[in-house]
Amino acid sequence: MESHLNTVLITFVHGLVYGMLLFLVASGLSIVFGMMGVLNLAHASFYMLGAYFGYSVLGVTHSFWLSLLLAPVLVALAGSLAERFLLRPVHAAGHLFELLLTIGLSLVMLEIVKWSWGTEPLPVALPESLSGTVQIFGSTYPVYRLFIFGFGSIVVIVLAGVLFKTNLGMIVRAAIDDPEMVSSLGTNTPLVFNLVFSLGAGLAGMAGVIAGPILGIYPGMAQVMGLDVFVVVVVGGLGSLFGAILASFMIGELQSFGVLLFPRFSLILIFLLMAVVLSIKPQGMFGEKG
Amino acid sequence: MGKPGKVVAIFVLLVALVLCPFYLDIIRLRLMTEVVYYSLYAVSLNMILGYGGLLSFGHSAYFGVGAYVTAIALLRIKGLGLLPAILAGGLSAAVIGSFFSIFLIRVSGTYFAMLTLAFNQLLYAVALKWRPVTGGDDGLGGFSIPDLHLPWIGKIDMLDTSNFFWFTLVVIGVMLLFAWHITRTPLGISILLLRENEERAQFLGHQTSLTRFWLLTLASFFAGISGSMFALFQEFVATSAIDVLKSIDGLLMVIIGGVGNFFGPLLGSLFYIIVGDWLSRVTEHWEFFIGCFFIVLVLFFRGGLVGLLAGAQDRLLKALVHPRGEAAP
């Protein structure tokens, strides 16, 4: 009995860790959609880019912490350029073309990655200081996964602080409600959009760096993560940070237990959940725009 | 170009198409066959996107259902005829499409796009996991194209590349005529109203949810037929027939050709298949160029190839009518 309980608890922790990664990627996607009305289908590509940048920075500097710092900054820069020179000119043409543009962008980014780093999965070692194991619930558990959860929690707290306690956060929240009004009150909304877009890309990139050692670095990683993140923002409600948190952990646990209990149907389960939520409440659990 | 000019041009193009087996080698003829059946896939997606103004990210769901059902029917039912196998694919896709549309008629914009993607993924997951029926990762093979039995003419061997090309041309041609006819009916006009202003269409007494239902059902039927032809042509079906990339293929064809124009997707599928094939032979990173091409189109040429052609035609006419470069009135 006790071993069963252990398995359940460990699976639960696994789900929490994966949910945290999902949230880091999903939060940017959700906020960008809330503000700009753009569902960025290239968002998970920034996650992939982060993992690859992290790999290269690690190769040059041999420091995990430097790669965790530098790679997200580079990804944010890429995101900023993509917003300024690709997304913004298309904005006036409507959501349809914006969505199509982000598909094109994801194709290009995928091929650039294959071009620069090859199609083979890249080996990444765990950083030495985090490679140990600890005893929880009577089983050994890798420290690194706990680090992901802890690190992610700090990011969530910082993010919430910025969003709810600073001027910029106030503008962002206002822009989610009514971008036109914010703009006419004298805020440089295009600049705010750009900032938020690159921040979201940077967060996704950060998730890529820390996910690399446990989920692997390979060209298909964007698609795998992209689909789960997509389900998260849809179920949680586009534009809602709280919905994204809740849905991230729901999907994380569903993936974790799904693989354990019904390995053949876990994939179907997740999309079924998404289809059901969308059919009943198209704007998701906490989405406010209909 | 006046109306007679257009008729002549279309006639010349049709004759050139029918005569393809006489001047193309086998590899190019097979490529042309692909162009022909994909053109129906692109046209059916354009009915939703260009006419209905709804972005579907999951059109390969119906293409895939058509392909799988035709393959499964041929494998399981001994002595099944060619036409019933194709019809089974199209009708199953229509049934699935009409079921999904019960949910899809309530949403539009980004939510429509997302729900279509969700349904697409759901069917993809089923195709991947329902191994005993779909073959899972390995796909389904080992069926061959039955001969076509025609009254008076007799048996036609479908394994012959030229025969299959002509057969594809006829099947897809009939379907395209049907689709073209629909755009001219009251239903077609109601679909256009849906795109322009759904609320106003409702005020005018159009039952827009019913219009949407028929639009989605018909479009999935056509996509299913296209998928059936794909299965027959490849003599093999795998999950790549029903994945999101296949949906994106369709979108690319429509965008390249020109959204909202009936002939746009025809040009688009021609361009996409031929250029895609050429690129995949010169570089292994052909998707990079396709992606760039996509971005350039969306940034600068939202009218697609049809828009480019029309623009060139306009400029040519203006140059002829106003040779000194005066602005047209």
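What to note about this one:
- Compactness relative to 2.2 N^0.38 Å, alpha carbon Rg of segment A:184-276: 1.30
- Calculated P(r) of segment A:2-280 - Cα pairs past 33 Å, %: 21 percent
- Rg/Rh for segment A:61-157, where both radii come from Cα atoms and Rh is the Kirkwood radius: 1.11
- With Cα atoms as the point set, the radius of gyration and Dmax of segment B:192-329 evaluate to 19.5, 59 Å.
- Compactness of segment A:224-272, taken as the C-alpha radius of gyration over 2.2 N^0.38 Å, stands at 1.11.
- Each distinct pair of alpha carbons in segment B:182-228 adds a 1/r term; the inverse of their mean, the Kirkwood radius, is 11.1 Å.
- Peptide B:240-248 has a mean of 2 when you count, residue by residue, the C-beta atoms of other protein chains within 10 Å of its C-beta.
- Ordering B:36-49, B:275-288, B:3-16 by mean Cβ neighbour count within 10 Å, with the highest value first, yields B:36-49, B:275-288, B:3-16.
- Net charge dipole, segment B:92-228: roughly 400 debye, given to the nearest 20, about the Cα centre with Cβ charges of +1 for Lys and Arg and -1 for Asp and Glu.
- At q = 0.07, 0.10, 0.11 Å⁻¹, base-10 log of I(q)/I(0) for segment B:23-321 (Debye sum, equal scatterers on each alpha carbon): -0.27, -0.55, -0.67
- When +1 charges are put on Lys and Arg Cβ atoms and -1 charges on Asp and Glu Cβ atoms, the dipole computed for segment A:2-280 relative to its Cα centre reaches about 120 debye.
- Förster-model FRET efficiency, 41 Å R0, A:GLU120 and A:LEU272, C-beta, rounded to 0.05: 0.75
- Helix A:143-165 and the long axis of chain A differ in direction by around 20°, with both axes built from C-alpha atoms.
- Centre-to-centre, using Cα atoms only, segment A:244-261 and segment A:75-124 are separated by 28 Å.
- Candidates A:LEU99, A:LEU41, A:LEU107, ranked by Gaussian network fluctuation over chain A, Cα under 10 Å, top entry: A:LEU107
- Net charge of Cβ neighbours under 14 Å - reference B:HIS206; Lys, Arg +1; Asp, Glu -1: 0
- When each of the peptides B:163-173, B:197-207, A:27-37, A:42-52 is scored by the mean number of other C-beta atoms lying within 10 Å of its residues, the order from highest to lowest reads A:42-52, A:27-37, B:163-173, B:197-207.
- Cα gyration tensor category, rounded, prolate or oblate, for segment B:105-153 with a/c compared to 1.5: oblate
- Principal axis box of the protein assembly as shown, alpha-carbon based, largest edge first, Å: 81, 68, 53
- Angstrom value of the Kirkwood radius, inverse mean 1/r, which spans all Cα pairs in segment B:148-254: 16.6 Å
- Cβ neighbours within 10 Å from other chains - mean over A:89-98: 4
- Computed magnitude of the charge dipole of segment A:175-290 (debye, nearest 20; Cβ of K, R +1, Cβ of D, E -1): 320 debye
- Residues whose placed amide H lies under 5 Å from that of A:ILE136, excluding near-sequence neighbours: A:TYR141
- Oblate is the label for segment A:1-132, because the ratio a/c of its alpha-carbon gyration tensor axes (a ≥ b ≥ c) is 1.5 or higher and a/b is not greater than b/c.
- For A:274-282, mean number of other protein chain Cβ atoms within 10 Å: 6
- Over the C-alpha atoms of segment A:38-103, the Rg to Rh ratio, Rh being the Kirkwood estimate, stands at 1.12.
- Backbone HN-Hα couplings from phi across segment B:82-90 [Karplus 6.51/-1.76/1.60, Hz, Gly and Pro as x]: 5, 5, x, 5, 5, 4, 4, x, x
- Equivalent ellipsoid, segment B:208-247 (semi-axes from 5 times Cα gyration tensor eigenvalues, Å): 25, 12, 5
- Ordering of B:290-300, A:161-171 by packing [mean C-beta count within 10 Å, highest first]: B:290-300, A:161-171
- Estimated from the Cβ-Cβ distance and a Förster radius of 25 angstrom, the FRET efficiency linking A:ILE157 and A:TRP65 is about 0.80.
- Nonlocal amide H pairs with B:LEU54, under 5 Å, H built at 1.01 Å: B:LEU49
Quick note: the coordinates plus some simple rules give every number you see, no bench work behind them. Quick caveat, the model's predicted, so the values are computed rather than measured. Cβ sites come from the backbone with ideal geometry, for glycine too, and all protein chains shown count toward neighbours.
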